[in-house]
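Student: Quick one: this structure, given as structure tokens, is what I'll be asking you about.
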């Protein structure tokens, strides 16, 4: 399984980049997983007063909700100190997993490729200092003059080429 982190500052286009790559690579026949880290302190996917919420309040550490078209697993656990590998293991059976968020955990992990989405030069320079390895740059700021060794492939104009690059790394 290939892990690719889509990194960048707020409102840089990370979600759009991830969404476009997921769609393109799914259309090519790959099984894709996506991990999204939510930064809201009291966020829960569970809905208060619903049955699943009540089970968790009663003490259940894992709650599965099953419908005709999906299965949702809610695990009640502290995630602050869990390694990225814990989340990646939950994506087994997929060809590619895209990670949005968890910046500190993915920053120097050499086995996790990064696509850095940038709005300006300062963000791109910071990304080069923070993340290894950077597979490509994307987003509104064209980094071609900044670092010609790392391709600039914006998903709005070069989606197929960026997907090709991800695909090539999957086949390695």
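Student: Among (1) surrounded by fewer than 15 Cβ atoms within 10 Å (Cβ to Cβ); (2) in a strand (DSSP E or B), there is one condition residue 4 misses while meeting the rest; what is its number?
Tutor: (1)
Student: Go through segment 70-172 and tell me which strands (runs of 3 or more DSSP E), entirely inside it, have 1 or more residues that are at pLDDT 95 or above and under 15 Å from the mean Cα position of the chain (by Cα).
Tutor: Filter on segment 70-172 gives 96-100, 112-117, 134-138.
Student: Next up: Taking segment 125-153, which residues are surrounded by 17 or more Cβ atoms within 10 Å (Cβ to Cβ), free of Cβ contacts under 8 Å to residues at least 60 places away in the same chain and within 18 Å of residue 18 (Cα to Cα)?
Tutor: 134, 136, 137, 141, 151, 152, 153, listed by residue number.
Student: Right, here's the next one. Whether any residue in segment 19-42 is more than 30 Å from residue 154 (Cα to Cα) and not in a loop (DSSP other than H, G, I, E, B) is what I want to check.
Tutor: No, that holds for no residue.
One line per residue, one yes/no per condition, for (1) in contact (Cβ under 8 Å) with a residue 60 or more places away in the chain; (2) surrounded by 13 or more Cβ atoms within 10 Å (Cβ to Cβ):
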site: 27; (1), (2): no, no
site: 45; (1), (2): no, no
site: 50; (1), (2): no, no
site: 56; (1), (2): no, yes
site: 70; (1), (2): no, no
site: 81; (1), (2): no, no
site: 86; (1), (2): no, no
site: 89; (1), (2): no, no
site: 93; (1), (2): yes, no
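Student: Which of the following residues is touching a strand residue (DSSP E or B) at 6+ places or on another chain (Cβ under 9 Å) and farther than 21 Å from residue 10 by Cα: 111, 149, 119?
Tutor: Result of the check over 111, 149, 119: 111.
Student: If you go through segment 58-68 one residue at a time, how many are surrounded by 10 or more Cβ atoms within 10 Å (Cβ to Cβ) and either within 23 Å of the chain's Cα centre (by Cα) or not in a loop (DSSP other than H, G, I, E, B) (or both)?
Tutor: Qualifying residue count, segment 58-68: 4.
The values are calculated or read from the model by the stated rules, or taken from the named source; none is laboratory data. Given the structure is predicted, the values throughout are model-derived calculations rather than measurements. So basically every Cβ, Gly included, is an ideal-geometry build from the backbone, and we count neighbours across all protein chains shown.
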